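The values are calculated or read from the model by the stated rules, or taken from the named source; none is laboratory data. Quick caveat, the model's predicted, so the values are computed rather than measured. Neighbour counts are summed over all protein chains in view; Cβ atoms, including those assigned to glycine, are modelled from backbone coordinates with ideal geometry. Keep in mind that these areas ignore ligands, DNA and RNA; they rest on the heavy atoms of the full protein, side chains included. Shrake-Rupley method; radii C 1.70, N 1.55, O 1.52, S 1.80 Å.
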Amino acid sequence: MLSSNIFYSGYNIFFSIMSLFIGIGSVFLIANSNRFRSMLLFQIGGLAMIFLTYITTQDHLLYSLGLNFRFAAFAQIMTSILISVLWINAATDLYSHRLANRETLTIYTTLALTLCFYYSFAGYNSAYITLLRQLFPLIGISLLFVVSVLKLSQRPSVGSSLLCFALLMLGGKLVVSAFFFEYNRLNLNLFNWLWIYVFTVSIIFMRFDLYKEELARCWNSLDKLNLQIMNMIDLSPFPIVIARLSDRKLITLNAKASLLFGIGHKEIGYRQLSDIMIDAQNNEKFQQTIQENGSVDNFDVMVCNLISTSPFWMSASAKILEYNNETAVFITFQDIIYRKEREANLQNQANKDPLTLAWNRHYFEKIVPQRISECIRNTRNFSLLLLDADKFKKINETYGHKIGDKVLIGLAEICRSSLREDDIIARFGGEKFAIFLNDTDSKAAAHIAERLVQNTAQTEFKGDDDALIKVTVSVGVVSSEKTASFEVLMRQADEALYLAKRGGRNRIALYDEQEVKKYKRRKTKTTKQRDIHPIFQNEDNEEISLLGNYESKMLEKQK
């Protein structure tokens, strides 16, 4: 046979070994993919074909194993049947992605084995044995070649073309071996190995095509996934923004976020998170938290609409993720305007007097030291007023507490209308009000206090029977020119109010340490009077001091 002479020269030995190495290597190249199962069957059958063409011319190798010529013929035909079955399965798998029908293959194999047994043992005929040995592989290779051509016509490719060429070469080898072996000019050892190279190259091209298909399928799946993600983002009831982590540029946002922040889809590439999160310090803290923890939940941020530029509060929750091969921040926003308004209302309720809507004592004692610190840093003056309604207990006893409450509300309104917006007015308890004046020296503070006294005296309040009620106030004035301590200022303002009361009420009094000491020395203090402010001792009805321990501490120091 043709392939029995492959070792005639060193040239043929070298290429034969190379061919076998590449042929066996190509089996491993395609063994791990179901898409190449038909190619695997074909390649195994082709390698078996090389073995068959070798042993057909080397009968002595079989004889050396103890086999006679009948068993040698049987072994050769059995190998041909095996090759044929492999190639039939390869053809059906290539055509329909499944192996040959089991019943059909059983009938074909049974018939082939019957002929094999008969002509090898019962009716031995060397001519028929040679014919069968070549016929079975030709049936398989022909069927495989037809299917390959059909596939090539349906979907042309370099790999399929090379596969058809390899099949044609292997079929040509079989034809030459079967019918033209006597012609030495056709005894070409080239057929013995060249089809392996062509087949291997076809497999490489097919794998490239497969990779391209898989890549296209992956990109298509990725596009579908991105589309699904965008649809899910758009269907979300919350505004969603996705931004790059590195430079904080916006990547995408849903329709609700676009409407909320006033950003069109054409502007996305030019905008950053800082354009919508306008509080720089809070924004930096938000970014730092994400960098450290990888996520953040319910973080209150100040944002704005780029069209209206009006800021408002939102709650942001964010997480770092991969989006389109970029490290991005996925942020959802939740409206907390009503929550902030409710918090502000609760804060006002906690910090304001419910009757007069002026600040309460707790807030005054918390905020005024902060304002004093600001004034000291900016080297500005400030003043403190302590205002008290004269003989207010008589108003309650004469007209009732309802009218008394009405008077207190009116006093708070007089203070608000007579002062600036940044001045702090607080009801310090009962009928007493404390006022902090920013950027005001003692002279200006005295002028403001006089205006309060005059405006109160000129105001008339109506009782239940339309009776007109007039109220006067006394005001104690102290300035930072004396001290910058809040506690000392409060004590001095209370002592200045004491001077105003002692001076006849309906007037103001600036703090004067000498005057305070002079009046105190005239008083005979009893155990009972220590809890009563000196300015109320000559009144027909006692009025209790609402400054807590300020008066007690001051009196104890004078003992």
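Computed with a 1.4 Å probe on the full set of protein chains, the accessible area for residue 209 sits at about 50 Å².
A 1.4 Å probe over all protein chains sorts 502, 133, 371, 521 by accessible area into 521, 502, 371, 133, starting with the largest.
Please get the size of the charge dipole for segment 200-299, origin at its Cα centre, with Cβ charges of +1 on Lys and Arg and -1 on Asp and Glu, quoted in debye to the nearest 20. Mind showing how you got there, number by number?
Numbers: 11 positive and 12 negative charges, 44 e Å.
Taking the Cα centre of segment 200-299 as origin, the dipole is about 220 debye.
When the alpha carbon coordinates of segment 259-410 are projected onto the principal axes, the ranges are 81, 38, 31 Å, largest first.
Listed cross-link partners 462/520; 402/432; 352/470; 402/443 are compared with a 28 Å cut-off, the Cα-Cα value being larger for 462/520; 402/443. Derived scalar couplings between HN and Hα for segment 395-412 equal 5, 5, 6, 7, 10, x, 5, 5, 5, x, 5, 4, 5, 4, 4, x, 4, 5 Hz in order, rounded to whole Hz, by the Karplus curve 6.51 cos²θ - 1.76 cosθ + 1.60 (θ = phi - 60°), x for Gly and Pro.
The stretch between residue 462 and residue 101, if pulled fully straight at 0.36 nm per residue, gains 118.9 nm over its current Cα-Cα span. For residue 398, the accessible surface of its heavy atoms amounts to roughly 100 Å² (probe 1.4 Å, protein chains only, rounded to the nearest 10). Counting Lys and Arg as +1 and Asp and Glu as -1 over every other residue whose Cβ lies under 11 Å from the Cβ of residue 269, the net charge comes to +3. Under 5 Å from the amide H of residue 323 lie the amide H atoms of 328, each residue being 5 or more positions distant or on a separate chain, with H modelled from the backbone and absent for Pro and chain starts.
Would you work out the charge dipole size for segment 319-467 about its Cα centre, treating the Cβ of every Lys and Arg as +1 and the Cβ of every Asp and Glu as -1, and quote it to the nearest 20 debye?
Details: 22 positive and 24 negative charges, 69 e Å.
With only Lys, Arg, Asp and Glu charged at Cβ, the dipole is about 340 debye.
Taking all pairs of different Cα atoms in segment 434-497, averaging 1/r and flipping that mean, what Kirkwood radius in angstroms comes out? Present the calculation step by step, with values, prior to reporting the outcome.
Details: mean 1/r = 0.0749 Å⁻¹.
Mean inverse Cα-Cα distance, inverted, gives 13.4 Å.
Using R0 = 51 Å, the C-beta based FRET efficiency linking residue 281 and residue 157 works out to 0.25. Remark: accessible surface ordering of 304, 218 (largest first) is 218, 304, probe radius 1.4 Å. Count Lys and Arg as plus one, Asp and Glu as minus one, and take only other residues whose Cβ is under 14 Å from that of residue 141; the net charge is then +2. When Rg and Dmax are taken over the Cα atoms of segment 322-457, they come to 21.3, 81 Å.
Shown are 292, 513, 214, whose ranking by accessible area with a 1.4 Å probe and every protein chain present, most to least, is 292, 513, 214.
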